[in-house]
1. Could you tell me the calculated FRET efficiency between Leu210 and Ile326, based on Cβ-Cβ distance and R0 = 30 angstrom, to the nearest 0.05?
2. Label-point separation (nm) for Arg345 and Asp164, each offset 7 Å from Cα along Cα-to-Cβ?
3. Roughly how much of Trp360 is accessible, in Å² to the nearest 10, using a 1.4 Å probe?
4. Going by average Cβ density within 10 Å per residue, which order do the peptides 330-342, 307-319, 241-253 take, highest to lowest?
5. Across all directions of projection, what mean area in square nanometres is found for the Cα convex hull of the range 454-611?
6. May I have the extent of the alpha carbons of the range 503-563 along their three principal axes, as whole Å values ordered from largest to smallest?
7. Between Asp440 and Lys522, what is 0.36 nm times their sequence separation minus the Cα-Cα distance? Round to one decimal in nm.
8. What spacing in nm lies between the two simple spin-label points modelled at Arg550 and Leu138, each 7 Å away from Cα in the Cβ direction?
Amino acid sequence: MDVKQVVGRVKWIMIFGLFSVVAVKTLYADQRGEAPLSWKVLVFGMLGGLAFFLYGIEKMSVGMQKTAGNKMRTVLAAITKNRLIALGIGAGITMLIQSSSATTVMLVSFVQAGLMSFTQSLGVILGADIGTTITAQLIAFKLTDYALLMIAVGFGLYIFAGNDHNKNIGEMILGFGILFYGMKLMSDAMSPLRSHQGFVGMMAGLQDPLVGLLVGTLFTAVIQSSAATIGVVIVLSQQGLLTLEAGIPVIFGANIGTCITAGLAAIGTTREAKRVALAHVLFKIFGVALFIFWVPTYAGIIAELAARFDSDIARQIANAHAIFNISLAVACIPFTPLFAHLIERMLPAREVAGAGAPVWHLDESSISSPALAIDLARREISRIAGILSQMLRAAIIPFMSDEKLIRKEGLTREETELLIREIPTRDRDNPRLTLLEGIDRREEEIDFLDEKLRDYLIQIARRSISEDQAGEIYGMVSIANDMERIGDLIHRNMLPLIAKKKKLEIDFSDEGKEEILIYHQKVCRQIELLQEAFAETNLDKARAIMASERKYLDLEDQYRARHLERIRQQHKKSVETHEVHMELMDLLKQIVVYSSNIAGTFLMKRQANQK
């Protein structure tokens, strides 16, 4: 059982415990002679209503994520350094998917991947906090009477729709209806409490802002949904059990409590992930500290606005939540660089054990959001391409630079020692390893990543995904296999040629060496373009790889013909290195073909997703 499952079970145990306390208090009040109250009906009604409410929010969020998910990652990746644009995009994306947690998790992956700086992510976090308030605004509409109609319409679309887009819309409407039906159940269950002095007295305790803040924080931390907390506050206020002034501190607490989700998601993750989670917490605490000491004044402002626009108590609660988050964003957005510096001081970068761990981007907690999980898998594929590029560049060095052959060149001692010193003999990133040991290590990493990536993609495929997403997943499995084959070509086929070449004790001809180097450089560029295409989701670079295939295959034919002509002319170096020369060029040509196949698969699946 993973951390997320444990947290989920503890959450529901605490919910049942919370309502059990309410039931005990109610029974105790009944024993003191107060009006009898069916606590079983109340508790079961509240638990059932809350369960429907939470499930409705989840269903609505899933439907919205499926509808907008494949577009939102492209938009997030394109965020510029403009903080206001980042704020707007964060708000817009979160309005669409109704999950600030999903937005935050995406930010973690993009910061880690280097697509945006940590400072840029702060603007998106503030925007996400604004976007998530739309749920409270929707809840404030008096739509409980139409809940069953929305459930029927949503279910009908979900079952009978002919395409994935309409099914996702149906799932969203279905979740919306279930959400309001849950509110109706909670409202009906709470209705008798209006005349129950014990419960009214307990609610009076929330008039103390600090008590309300604590209750809101704990309740939201338990159920991990600020929208659910605000929904309960709206139900209580509509029943006359909670005033606006008492409800506002609970809303503030809900804003702090919702950070528990990001905090749990950051457990065991990178430093960047922890910084994003910490930023979320600090922003909320800073905002609450600004507002908590003038709650009566703030409530008066909200009430005055309500008088002007004829808003009911539900809308006032939703407005209090929205204005708080908007004000927080406006106050903090100019100072995001300062906040970033503060958080980096609190969580400085450091060398940690396992920093070179093979898996960087595959986050198990993101599998519940297929669009995000697919994006993380794509980032890991980009990293595999980067590892391949390092392997390929390192593998050519022993073919071109042999100390024994340099000493035979008849150069002066100084020239010979200078050339020998310039030969790279250690791994570029890990000097403790030799050049060939570094290639071995990277081949092991690629094999490991291929296995982990395949398992991760299969887990995503088992979720409720669209046909386009399924196609993209299967395409990624094929791409990972092709990349693993390129790694095998370098490790199993190219490295043995190094030993074979050394036994010859003769170098390639000058012309042959130049041709190999030129061709090797072009093949390396193909792999680098693959890395960039996956990192940036750049279809033009994928097209460039495919367009170059024919050109490079023709170039290999030309070089082959030149080499055979040197053989015909009995060029000594060409004759003796013929076998190694031809095998090396053939391996490089195979990598060109594999690269084009990968680019073609990527291009086809991405184009299908954009239709």
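The values are calculated or read from the model by the stated rules, or taken from the named source; none is laboratory data. As the structure is a computational prediction, the values presented were derived from the model and not from experiment. Glycine also receives a Cβ, built like all others from the backbone with ideal geometry; neighbour counts cover every protein chain displayed. To get the accessible areas, we keep the full protein, side chains included, count just its heavy atoms, and leave off ligands, DNA and RNA. Shrake-Rupley method; radii C 1.70, N 1.55, O 1.52, S 1.80 Å.
1. Given R0 = 30 Å and the Cβ-Cβ separation, E is 0.80.
2. 4.8
3. Only protein atoms counted, so the area is about 120 Å².
4. Packing proxy ranking, top to bottom: 241-253, 307-319, 330-342.
5. Averaging across all directions leaves 10.2 nm² for the Cα convex hull.
6. Principal-axis extents of the range 503-563 (Cα, largest first): 45, 23, 15 Å.
7. 27.2 nm
8. Going by the 7 Å Cα→Cβ label model, 5.0 nm.
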